[in-house]
Amino acid sequence: VTAVTPTTSRESHVEAEGRRVRYVEAGQGPNPGRLAGVTVPTLVVCGTRDEGVAPAAGRGCRASMPNCHLVFVYEAGPAVGAERPEAYAEVVADFLDRHEGFVVRRTPALIHP
Amino acid sequence: MKVSFFETARYLPPESLPPEWPAAAGAYDPEAGARAYRGMIERLRYVEELGFDWVSVSEHHYSPRILTPSPIVSAAFIAARLERITIALLGPIVPHSNPVRLAEELAMLDTLAGGRLVVGLLRGTANEALTYDLNPAEARERTDEGTELILRAWTEPQPFGWQGRHFQYRTVSIWPRPLQQPHPPTYALGTSREACEFAARHRLGCGVSYGPFEVMARATRYYREQCARHGWEPSAEHVVYRANMLLAETDDEAHARLARQPDRAPFTMRPGVRDAVAAADARNIAGQARPAIVTGALPTTFVGSPDTVVEQIRRCREVIGAGVLDLSLHPPGSGDLEPLMRGLELFGAKVLPRIRNL
């Protein structure tokens with residue numbers, strides 16, 4: 001499972017991506033005690049076709065970390081970014097841009113002004 | 001063998017109404033509509049008394065033929081008035097719906113109905129794409145994705161976002177969840193390779209309709225093969241077959257009545273519209289292409305006396321492997337109730353008791 005934390009300064013997305021933190025490695029469950037102290041807004045991304053530990057780990061993060069968001073990327077396996085690059089980049093970039101505000105839809109639905 | 005009654009509300013349109021889809025809404029008679037829905041409940045009380053296992057409702061729009069644009073509303077109304085019968089939604093059209101809303105409403109409905117819900121999720125007939133401006137070319141993909149999202153919304157314990165191809169939500173966490181855990185018995189309806197594969201991968205049932213046994217068996221065989229590939233074996237009850245039945249005291253009478261039925265489909269699209277829809281829509285049976293739009297009347301699979309029909313049902317069980325029959329005992333579009341009620345009575349007395357143990 002991949003956890004992404006936003007930058008607090010105005011770094012570029014590329015630099016922010018470089019600071020990606022892996023809290024949970026394959027074969028290990030999340031450590032709720034340690035995660036509870038992570039208050040930085042965090043995005044956890046998981047593929048719907050990931051049959052490993054990632055979905056459970058993602059849920060653990062969502063449950064333990066006070067400012068964590070869990071997003072499933074449809075039809076991606078463990079390598080989310082490689083399998084659904086556009087979908088992955090959109091949600092990660094949006095989160096890095098707007099932090100928790102990324103839950104509020106901002107793209108217009110207006111058809112004909 | 002379980003038996004389901006396909007309830008279509010039986011609204012009788014005036015004969016002057018042009019038989020095209022969409023039918024002109026101005027021709028709708030509110031009083032006749034109210035009578036049709038009252039009649040639906042009276043009929044279903046009888047259906048329940050006869051011992052049918054399920055009543056099924058479907059989603060169709062813009063014509064009097066099947067007056068149930070919202071199967072959720074139909075099901076809620078039926079659940080409140082009937083005590084025992086299982087209510088099968090066969091089913092909500094997923095690609096033009098909001099899947100999260102569907103997940104919520106189905107969970108609520110299952111709870112209100114005391115866990116008497118069966119859910120079939122489907123792509124819908126070709127014309128239904130026009131109902132809410134759905135691109136027919138995207139319908140298959142939207143059905144699969146929407147169904148997967150519904151399953152996840154029913155079962156995911158933590159709030160989640162969905163980054164799909166056709167659907168995107170940042171916040172999903174539905175209340176209530178279904179009474180039946182993890183979720184109501186669910187079928188992916190359709191004969192296509194994609195529908196069969198989807199059902200097998202998600203351990204769902206498979207529903208096929210109207211076609212001849214051998215043709216439908218191609219789909220159900222393919223479904224069973226795919227289930228084996230995914231490491232499980234479906235039961236007979238995982239396969240539903242919807243069909244028309246014309247039951248009479250004798251074979252001769254049944255065939256004579258069949259000969260009097262209209263041979264073209266009611267409420268069809270104008271040719272230019274139909275051709276445009278057909279060109280944008282692609283259908284198959286276990287991978288073999290089939291026309292997207294049926295222009296003739298739907299076939300009547302089971303025809304004859306009780307003895308003949310019992311034998312036909314036995315063959316259906318063997319060939320298709322269906323454990324649930326979803327029946328119209330009279331063409332769905334007909335508001336002529338007398339033959340329907342006679343068919344029901346005869347079915348309850350002379351067929352139902354003999355197919356229970358098939």
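Points to keep in mind about this one:
- Within region B:251-279, tally of residues that are of a type outside the set (D, E, K, R) and more than 29 Å from B:A217 (Cβ to Cβ): 8
- Within region B:5-56, considering residues that are under 15 Å from B:T68 (Cα atoms) and polar (S, T, N, Q), the one nearest to the chain's Cα centre (by Cα): B:S56
- Scanning region B:103-144 for residues that are within 14 Å of chain A (Cβ to nearest Cβ) and either of a type in the set (S, T, N, Q) or on the phi > 0 side of the Ramachandran plot (or both) yields B:D133, B:T143.
- Scanning region B:145-157 for residues that are more than 9 Å from chain A (Cβ to nearest Cβ) and either open to solvent by 10 Å² or more (accessible area, probe 1.4 Å) or of a type in the set (A, V, I, L, M) (or both) yields B:I150, B:L151, B:A153, B:T155.
- Close contacts from region B:165-176, counting a first residue that is closer than 21 Å to B:E138 by Cβ and among the aromatic types (F, W, Y) and a second that is open to solvent by less than 80 Å² (accessible area, probe 1.4 Å) and outside any loop (DSSP other than H, G, I, E, B), with Cβ to Cβ under 7 Å and a gap of 6+ residues or different chains, come to B:F167/B:P99; B:F167/B:E145; B:F167/B:G146; B:F167/B:L149; B:Y169/B:V100; B:Y169/B:G161; B:Y169/B:W162.
- Considering each residue of region B:69-82 in turn, none proves to be more than 14 Å from chain A (Cβ to nearest Cβ), buried (at least 22 other Cβ atoms within 10 Å of the Cβ) and on the phi > 0 side of the Ramachandran plot.
- Selected residue (criterion: least open to solvent (accessible area, probe 1.4 Å)) from residues of region A:69-112 that are over 15 Å from A:V4 (Cα atoms) and hydroxyl-bearing (S, T, Y): A:Y74
- With respect to the conditions (1) within 29 Å of B:A195 (Cα to Cα); (2) at pLDDT 95 or above, B:R264 falls short on a single one, namely (2).
- Tally of residues being touching a Ser or Thr at 6+ places or on another chain (Cβ under 6 Å) and over 15 Å from B:Q168 (Cα atoms) across region A:68-97: 1
- Of all the numbered requirements in (1) closer than 12 Å to B:L246 by Cβ; (2) open to solvent by 20 Å² or more (accessible area, probe 1.4 Å), B:F302 misses one, and that requirement is (2).
- Restricted to helices (runs of 4 or more DSSP H) entirely inside region A:46-98, those with at least 3 residues that are more than 9 Å from chain B (Cβ to nearest Cβ) and among the hydrophobic types (A, V, I, L, M, F, W, C) are A:54-64, A:85-98.
- Scanning region B:316-337 for residues that are more than 15 Å from the chain's Cα centre (by Cα), modelled with pLDDT under 95 and open to solvent by less than 10 Å² (accessible area, probe 1.4 Å) yields no hits at all.
- Filter pass, B:L340 being touching a residue at least 60 places away in the same chain (Cβ under 8 Å) and open to solvent by 20 Å² or more (accessible area, probe 1.4 Å): no
The values are calculated or read from the model by the stated rules, or taken from the named source; none is laboratory data. These figures come from a predicted structure and were not determined experimentally. Note: ideal-geometry Cβ built from the backbone for every residue, glycine included; neighbour counts use all protein chains shown. Accessible surface is based on the protein model in full, side chains and every heavy atom, while ligands, DNA and RNA are left aside. Shrake-Rupley method; radii C 1.70, N 1.55, O 1.52, S 1.80 Å.
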